[in-house]
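Just so you know, all these numbers are worked out from the coordinates, no wet-lab data involved. Just so you know, these numbers come straight off a predicted model, no measurement behind them. Note: ideal-geometry Cβ built from the backbone for every residue, glycine included; neighbour counts use all protein chains shown.
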Amino acid sequence: MHFNGIAFNASGPRDTEPEELKALADSRACAITTKTATIKPRKGNPKPRYYDDGDNSVNSMGLPNPGYEEMARRIKALKHYSDKPVFASFSGSPREAAAITSAFDEAGADVLELNLSCPNLGKGKTEAESWLEGLGAVEEATKKSLAAKLPCFLNACEQELFCGVLEQSRVKYLVAVNSPGGGLMLNQKNEIALKPLHGGYGGKGIKALALGNVFRYHEYFGNKKKIIGVGGVFSGRDAFEHLLVGASLVEIGTAYQIHGTGIFTRVENELKTELEKHGFKSAGEAIGKAIQL
Ligand code: DHB
């Protein structure tokens, strides 16, 4: 699998409709992630369900998607149109996850991404045992590369417990972090911005937490797993910081929702300058090179 760059879209914004996927294919994004699909189509939560102030966002989308069968058709069409790697995101019970995995594998997806951490489903519980079960089902259903979309851990103990689970799986890409749930923003009219009140929080405010999570995975796994850093990437400097703490690729969520596909060009161009400024010949050279005092 070849990545022509380091930045692409995080699952979520502008990645469901065929024309959105085509726009990603035509952009500087080095891969394409598709919206988390479920076994049945879902309308999602009542609107307004997304809000941002230009820097940060809250969303309580509720996984609106056309269902995995239609998504598989869209992935197939996308793979005919573009040779970029496609990360196909999905969520469901172990049985559902196995069925979706097989369909996405057959449609030509390059990486099967299990979303273990949607903040807007159920009570946002994350349990090590349920992860093991879900990952086991997916591993049996495909020989392709696997990715896990991980929650934003707030402490080392909890993150290490899940590192133990990931170590037993053949998941290759750790996608860290998903938007932490329970966020609430007010709009200019003093209204709670989302109809469902709370939602996943994304944007500049989560960068420090994302860097903290990426650093711990890199410390734990070294180069045994590839880490995809997600959280607060708006510039080349942000992407560079994710590389320095251990990411080898970055995904962009809120900034892509706000700025569109131009964000990938901006981040790649600025990153090039940033790497040169600090004496790195390539992005790969910068991985894990943060200086510890
Ligand atoms: C949804 C929101 C998320 O932040 C996420 O990671 C997955 C799904 C949603 O509600 O659609």
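Numbers for the structure displayed
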{"quantity": "In sequence order, calculated HN-Hα J values of the range 103-110 (Karplus, 6.51, -1.76, 1.60; Hz; x Gly/Pro)", "calculated": "5, 5, 4, 5, 6, x, 4, 8"}
{"quantity": "Residue 203 long-range amide H proximity, modeled H, under 5 Å", "calculated": "57, 232, 254"}
{"quantity": "Cα-centre dipole for the chain with unit charges at Cβ (Lys and Arg positive, Asp and Glu negative), debye to 20", "calculated": "300"}
{"quantity": "Prolate/oblate/rounded call for the range 1-105, Cα gyration tensor, a/c under 1.5 rounded", "calculated": "oblate"}
{"quantity": "Under-5 Å amide H pairs with residue 109, H placed in peptide plane, nonlocal only", "calculated": "none"}
{"quantity": "Amide H contacts of residue 288 (H built 1.01 Å from N, under 5 Å, at least 5 apart or other chain)", "calculated": "244, 245, 246, 247"}
{"quantity": "Estimated [θ] at 222 nm from DSSP helical runs (n ≥ 4, -39500 (n - 2.57)) normalised by residues in the chain, nearest 500", "calculated": "-12000 deg cm²/dmol"}
{"quantity": "Global geometry of the range 202-253, whether rounded, prolate or oblate, following the gyration tensor of its Cα atoms and the 1.5 cut on a/c", "calculated": "prolate"}
{"quantity": "Relative contact order %, the chain, counting alpha carbon pairs below 8 Å whose residues are six or more apart", "calculated": "19"}
{"quantity": "Likely footprinting exposure, 274, 160, fewest C-beta neighbours within 10 Å first", "calculated": "160, 274"}
{"quantity": "Reach of residue 22 by Cα under 20 Å, taken over lysines that are not fewer than 8 positions away in the same chain", "calculated": "35, 76, 79, 84"}
{"quantity": "Sequence of 265, 101 once ranked by neighbouring C-beta atoms within 10 Å, starting from the fewest", "calculated": "265, 101"}
{"quantity": "Rough spin-label spacing in nm, given labels placed 7 Å along Cα→Cβ, for residue 95 and residue 129", "calculated": "1.9"}
{"quantity": "Whether the chain is rounded, prolate or oblate, judged on the alpha carbon gyration tensor where a/c under 1.5 counts as rounded", "calculated": "rounded"}
{"quantity": "Order of 90, 3 under a 10 Å beta carbon neighbour criterion, fewest first", "calculated": "3, 90"}
{"quantity": "Using θ = phi - 60° and Karplus 6.51 cos²θ - 1.76 cosθ + 1.60, couplings along the range 229-234 (whole Hz; Gly, Pro as x)", "calculated": "x, 9, x, x, 8, 10"}
